[in-house]
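Enquirer: Shown below is the structure under consideration.
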Amino acid sequence: MYYTNGNYEAFAHPRKPQGVDAKSAWLIGSGLASLSAAAFLIRDGQMPGDHIHILEEASLPGGACDGLRVPDLGFVIRGGREMENHYECLWDLYRSIPSLEIEGASVLDEFYWLNKDDPNFSKNRATLSRGESANTQNRFDLSDEAAVELMRLFFTPDEALYGKTIDNVLDEEFYKSNFWLYWQTMFAFEKWHSALEMKLYLQRFLHHIGGLPDLSALKFTKYNQYESLILPLVAYLEAHGVQFHYGVKVTNVLFHFLPGKKVAHQMILIRNGEKEVMELTENDLVFVTNGSCTEGSALGDNDHAPELRVTDGEGSSWALWKNLSVQSPLFGRPEVFCSNIQATKWESATVTLLDDRIASYVQDICQRDPYSGKVVTGGIVTVKDSAWLMSWTFNRQPHFKAQPQDQLVGWIYGLYPDEPGDYVGKPMAECTGAEICMEWLYHLGVPENLIEELARESASTVPCMMPYVTAFFMPRCAGDRPDVVPKECVNFAFLGQFAQTDRDTIFTTEYSVRTAMEAVYTLLDVERGVPEVYGSVYDVRCLLNATHYLLDGRKLTEMKLPLPLKVALRAGLDRLSGTTLAELLQQYDLI
């Protein structure tokens with residue numbers, strides 16, 4: 001497996017890998033990573049579809065990419081997916097997946113046309129004082145000291161950040177900035193999360209720094225992620241004969257450790273309550289999605305708060321990974337990510353507006369008609385003075401194909417679910433759906449004498465507590481996440497957010513698809529390059545453009561830059577032949 005970029009490799013069709021007709025694939029889990037791996041096995045590995053088996057404990061595919069109408073509850077979305085134009089592996093996949101909406105088009109075509117005609121951006125990124133605009137003016141408001149701290153983090157080697165939290169490298173001066181408000185709420189970072197992951201995010205999305213304040217960097221699907229991304233992919237796989245096995249829980253994969261190779265030789269599973277042992281050969285390729293951000297999620301309803309029923313480390317996906325990890329240190333350390341629910345949880349809620357009585361308050365804030373079928377909030381609106389640090393959003397409506405025309409479906413989440421609310425006076429974690437809706441209505445500016453009536457009669461709210469939702473952001477060291485294909489494994493790969501691949505960032509659809517592509521290309525030796533991560537971090541002009549935005553128009557000459565930053569900046573600039581340092585800095589209004 002190797003990385004590449006450019007059209008030469010992108011448009012090439014690999015030849016059929018040797019011996020692929022004699023191979024079978026067993027994919028454990030049916031989230032986006034697993035479904036993508038199955039698609040790459042078919043399209044690029046040219047494996048017969050009926051040789052591919054997807055084993056799923058639940059009754060539906062999709063993993064964390066959900067969006068369902070749940071009987072007796074209503075519409076439920078645990079979370080949303082923010083995308084951008086440089087998700088190279090994601091779009092490489094979806095250019096080949098037929099759209100379910102437009103005959104003769106791909107999912108990529110459908111997505112591209114939608115976002116061309118209706119580009120995303122926010123007209124009001126944050127509020128305070130009960131629905132008033134926070135008036136951030138798209139500024140980052142980083143002090144000189146905070147800007148230097150951020151630049152220093154950007155240039156820090158990975159190894160120096162192993163095991164460190166954001167709090168270890170940034171201070172209160174930084175946390176007061178609009179940059180942290182935008183960043184924390186858009187990506188769900190907490191101060192105790194990994195400084196390494198924050199640095200990798202800075203580098204990965206450097207080209208979008210200018211679009212961070214108004215969310216113009218983001219693109220969204222027409223409907224929820226399940227209907228827009230998962231169902232077309234499942235339809236493609238089923239059309240090629242892929243076998244889906246629901247109600248199957250895999251508890252272990254056992255290995256033979258031989259000289260120069262590791263061979264998965266046995267799979268232990270439970271089907272319909274009965275234990276089965278499946279013998280494997282080197283022609284049986286096994287793909288495991290290790291860990292899960294939605295494992296153990298608990299739903300409430302309008303009248304009941306969600307009740308977590310798992311303790312630290314519990315859950316099928318974690319149990320499987322633990323059983324694998326004891327067999328080899330190369331299989332990672334799951335306990336790093338799943339042992340502190342208090343640090344990895346937050347809560348979301350799906351709110352369905354049953355009539356138009358609340359819609360006007362939404363429209364006043366987002367400055368768009370929520371019934372128009374076009375962009376509504378343009379991404380999340382953060383309530384800056386919320387004790388829960390609440391954010392909320394309404395994407396294009398309808399958000400579900402089955403949604404009645406006179407209803408709106410939105411999403412709320414709180415990063416601090418254990419703090420007492422500003423209106424209800426209770427922690428979000430203890431609130432019913434109606435009480436969460438009341439807190440939201442309070443921050444929309446709804447008159448207090450109407451709040452309870454509207455929350456109970458004009459809305460239905462389904463809360464969801466997710467104990468492991470930011471588990472992948474926990475501070476980590478080398479080896480905590482296993483490589484996609486661990487050293488010397490000949491028929492086994494890890495997939496998803498807890499597998500290790502260089503440079504890309506977790507908590508994205510791209511990461512799931514990238515790990516899937518790398519796994520398939522490695523185990524089948526596909527003669528085509530995996531698209532490398534978009535390289536803006538190595539583009540000095542992009543770096544200077546981002547710096548221009550971060551400084552809100554201030555000049556570098558007005559700041560005391562640390563020597564390492566000066567050296568790194570000059571070294572990068574010097575690579576641009578024929579352009580002097582002064583010319584470039586002047587071009588980006590930095591001196």
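The values are calculated or read from the model by the stated rules, or taken from the named source; none is laboratory data. Given the structure is predicted, the values throughout are model-derived calculations rather than measurements. For neighbour counting, all protein chains shown are included, and Cβ atoms are generated from backbone atoms with ideal geometry for every residue, glycine included. Heads up: the accessible areas ignore ligands, DNA and RNA and are worked out on the full protein's heavy atoms, side chains in. Shrake-Rupley method; radii C 1.70, N 1.55, O 1.52, S 1.80 Å.
Enquirer: Measuring from centroid to centroid over Cα atoms, what is the spacing of segment 326-385 and segment 149-208 in Å?
Expert: 20 Å
Enquirer: Take the Cα of Arg69, step 7 Å along the line toward its Cβ, and report every residue of segment 444-488 whose backbone nitrogen sits under 18 Å from that point.
Expert: 459-462
Enquirer: Same structure again: Whole-Hz ³J(HN,Hα) for each residue in segment 493-510, computed from phi via Karplus 6.51 cos²θ - 1.76 cosθ + 1.60 with θ = phi - 60°, x for glycine and proline: what do you get?
Expert: For segment 493-510, the Karplus-derived couplings read 8, 9, 10, x, 6, 10, 9, 9, 9, 6, 6, 7, 10, 6, 6, 9, 4, 4 Hz, x marking Gly and Pro.
Enquirer: While we're on this one: Under 17 Å between alpha carbons, and skipping anything fewer than 8 positions from Lys164 in its own chain: which lysines qualify?
Expert: Qualifying lysines at Cα under 17 Å: Lys191, Lys199.
Enquirer: Also, quick follow-up: What per residue convex hull volume, in Å³, comes out for the chain when only alpha-carbon positions are used?
Expert: Spelled out: Cα convex hull of the chain, divided by residues, is 155 Å³.
Enquirer: Okay, next question. Please go through the residue pairs Lys23/Lys487; Lys262/Lys487; Lys219/Lys345; Lys219/Lys374; Lys123/Lys384 and name each one whose alpha carbons sit more than 18 Å apart in this structure. Intermediate results must be reported in sequence, preceding the final value.
Expert: Working: Lys23/Lys487 21 Å; Lys262/Lys487 8 Å; Lys219/Lys345 26 Å; Lys219/Lys374 12 Å; Lys123/Lys384 16 Å.
Pairs exceeding 18 Å: Lys23/Lys487; Lys219/Lys345.
Enquirer: Treat each spin label as a single point 7 Å out from the Cα along the C-beta direction, and report the Tyr8 to Gln342 distance in nm.
Expert: Between Tyr8 and Gln342, the label points sit 5.6 nm apart.
Enquirer: Return one quarter of the surface area of the convex hull spanned by the alpha-carbon atoms of segment 346-478, equal to its mean projected area, in nm².
Expert: 9.1 nm²
Enquirer: Right, next: Please compute the length gained on full extension between Asn138 and Lys261, using 0.36 nm multiplied by the number of residues separating them and subtracting their Cα-Cα distance.
Expert: Numbers: separation 123, 0.36 × 123 = 44.28 nm, distance 5.39 nm.
That works out to 38.9 nm of additional length.
Enquirer: In the chain, if the dipole is taken from +1 on Lys/Arg beta carbons and -1 on Asp/Glu beta carbons about the Cα centre, which of Gln405, Met428, Ser34 is farthest to the positive end?
Expert: Checking the options against the dipole of the chain, the answer is Ser34.
Enquirer: Compute, for segment 396-446, the length of the dipole vector about the Cα centre, with Cβ point charges of +1 (Lys, Arg) and -1 (Asp, Glu) only. Units Debye, rounded to 20. Provide the component values of the computation, followed by the final result.
Expert: Details: 3 positive and 7 negative charges, 74 e Å.
Using Cβ point charges on Lys, Arg, Asp and Glu, segment 396-446 gives about 360 debye.
Enquirer: Now for a different question. What FRET efficiency do you get for Lys275 and Asn85 if R0 is 45 Å and r is their Cβ-Cβ distance, rounded to the nearest 0.05?
Expert: Details: r = 47 Å, r/R0 = 1.04.
After rounding to 0.05, the efficiency reads 0.45.
Enquirer: With all pairs of different alpha carbon atoms counted, what Kirkwood hydrodynamic radius in Å does segment 170-264 show?
Expert: For segment 170-264, the Kirkwood estimate is 18.4 Å.
Enquirer: Right, another one. Expected output is a single nm value to one decimal: the length gained when fully extending between Ala402 and Glu282, i.e. 0.36 nm times separation in residues minus the C-alpha distance. What is it?
Expert: 38.7 nm
Enquirer: Would you calculate the volume per residue, in Å³, of the smallest convex hull containing every Cα atom of segment 463-537?
Expert: Working: hull volume 9.9 nm³, N = 75.
In segment 463-537, the Cα hull volume divided by residue count equals 131 Å³.
Enquirer: Could you give P(r) for segment 277-436, binned at 10 Å from zero, as whole percent values over all Cα-Cα pairs?
Expert: 9, 28, 27, 19, 12, 4, 0
Enquirer: Shifting gears a bit: Could you calculate, for segment 68-181, the ratio of the Cα radius of gyration to the Kirkwood radius, expressed as Rg to Rh?
Expert: Details: Rg = 20.6 Å, Rh = 18.9 Å.
Here the Rg-to-Rh quotient is 1.09.
Enquirer: Related question: Of the heavy-atom accessible surface of the chain (probe 1.4 angstrom), what whole percent is carbon and sulfur? Intermediate results must be reported in sequence, preceding the final value.
Expert: Details: 11310 of 23040 Å².
Of all accessible area on the chain, carbon and sulfur atoms account for 49 percent.
Enquirer: Search the structure for amide H atoms under 5 Å from the amide H of Glu419, placed 1.01 Å from N in the peptide plane, and list their residues when 5 or more places away or on another chain.
Expert: Those lying under 5 Å, H to H, from Glu419 are Met428.
Enquirer: What's the longest piece of the chain with no exposed GluC sites (Glu not before Pro), counting a site as exposed if DSSP puts it in a loop and it has at most 11 other beta carbons within 10 Å? Please list the in-between numbers first.
Expert: Numbers: sites that count: Glu103, Glu307.
The segment 308-591 is the longest one with no such site.
Enquirer: Measuring with a 1.4 Å probe in the full set of protein chains, what accessible area per residue, in whole Å², belongs to the chain? Before the final figure, lay out the partial values.
Expert: Numbers: 23040 Å² over 591 residues.
I get 39 Å² per residue for the chain.
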